Amino acid sequence: MMQIVRQPDKLIKKISICFLILFAHSCIPLKIAPNIEGEKIGNAKKFKKDLPNFNGFIFEDTKNANEFYNFINAKYNLKHTFVDSNVPISINNKRYYLSFFERERTTKTLNLIPIAIDVAVESKGNDPLLENLYTSRNGSWYLILTVTDPEIRDCLNPNYPEHIEIVNYLKKLKNEYFSTNNYIEAYLKMK
C-alpha cells in the first residue's frame, strides 16, 4: 500500500520538475515574424495591413535600408522619380508595372524569468531590477513586390495568364539584386 502512495508522489515530483524546466526556458511569443526561405507569393495586405490588396512576391531583405530602392533606380534609370511605384517593366514584349514596399515584421516575446525574479524582489520591498527584459523584440525587413498590367490587374494572381513568366522575372530580379553590389552594374546589364 505504501508503494501506491509513493508512485503519485514521484509522478507529481516529475511533473513539477518538467514544469520548472519549461518555466525556466519559457518565452511566450506575442508576435512572430515569418520565416521566408527564398521567396513566397502571398496576399500583400495579409502580410502587412497597410499594403494593397494584391498578391505580392515577398522575400526577406538582408541588405541595408534603401538598397532595393537604389538598385531599382539604377537598373531602370529612373533618376529618383517614381522609383517605388508603377515602374514600367517589359516581360516578353508586354508592358507591366512593378511596385515595391519595404516592411518590417517583428518577433516579440514575453520573458517569464525576469518577471518572476522581479516579483520575488518586489515581495521583499525592493524595486524591480529587470523591467527592461520583460519583453524582447527582434525584427526582419521584407520586400513585397507587386506587378500590375495596364488594366491594373493583379499579375501575381495564380490565374493570370502570364503568371509563371512574371514570377520567373521577379526571381531573376531578386537574384540580381542580391548578387549586385555596384548598382551601375545593374544599369549596364539592362542595356
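Residues that are out of contact with any Gly (no Cβ under 8 Å at 6 or more places or on another chain), more than 19 Å from residue 83 (Cα to Cα) and outside any helix (DSSP H, G or I): does region 164-179 have at least one? No, because not a single residue in region 164-179 is out of contact with any Gly (no Cβ under 8 Å at 6 or more places or on another chain), more than 19 Å from residue 83 (Cα to Cα) and outside any helix (DSSP H, G or I). Of the candidates 35, 53, 73, the single residue that is in contact (Cβ under 8 Å) with a residue 12 or more places away in the chain and among the polar types (S, T, N, Q) is 73. Out of the residues in region 121-131 meeting the condition of being at pLDDT 75 or above and in a helix (DSSP H, G or I), tell me which one is nearest to residue 152 (Cα to Cα). Looking at residues that are at pLDDT 75 or above and in a helix (DSSP H, G or I), I get 122.
Listed here are the residues, each with its yes/no results for (1) acidic (Asp, Glu); (2) surrounded by 12 or more Cβ atoms within 10 Å (Cβ to Cβ).
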residue: 39; (1), (2): yes, yes
residue: 42; (1), (2): no, yes
residue: 50; (1), (2): yes, no
residue: 87; (1), (2): no, yes
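The values are calculated or read from the model by the stated rules, or taken from the named source; none is laboratory data. Treat the numbers as computed from the prediction; the structure is a model and nothing was measured. No Cβ is skipped: glycine too gets one built from the backbone with ideal geometry, and neighbour counts run over all protein chains shown.
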